[in-house]
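S.K.: Can you keep this structure in mind? I'll have questions shortly.
Every number in this text was worked out from the coordinates using simple rules, so none of it is lab data. Quick caveat: nothing in here was measured; it's all calculated off a predicted structure.
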């Protein structure tokens, strides 16, 4: 059963690869990206899509970095608090056991 799922996973990865490969082969026409102040860049469409995707990933990661730092600081602070010795209460001499054991 495990080998069946491994085979399905491998076939799924191969299907994704060949789909993206076919996309890249079908989109080799040159496109011009116009920037501000008259700058322009001409490149194959698949490169423009790939660079746009990578730029989106980069912006997403940079947007998450402050939250990661905050969570890391909280985790360190919690780790320090959990390592601190816990003061245990000692029973007083006049305490009696009420459960009878």
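S.K.: Report the relative contact order of region 2-79, percent, no decimals, based on alpha-carbon pairs under 8 angstrom and at least 6 residues apart.
M.R.: On the way: 28 pairs, mean separation 13.1, N = 78.
That works out to 17 percent.
S.K.: Taking a ≥ b ≥ c as the square roots of the Cα gyration tensor eigenvalues, with a/c under 1.5 meaning rounded and otherwise prolate when a/b beats b/c, else oblate, which class fits region 2-79? Let's see the in-between values first.
M.R.: Values: a/c = 8.12, a/b = 1.16, b/c = 6.99.
The shape class here is oblate.
S.K.: Please state the shape class of region 3-42: rounded when a/c is under 1.5, otherwise prolate if a/b exceeds b/c and oblate if not, all from the C-alpha gyration tensor.
M.R.: Working: a/c = 10.08, a/b = 3.58, b/c = 2.82.
In terms of gyration-tensor shape, prolate.
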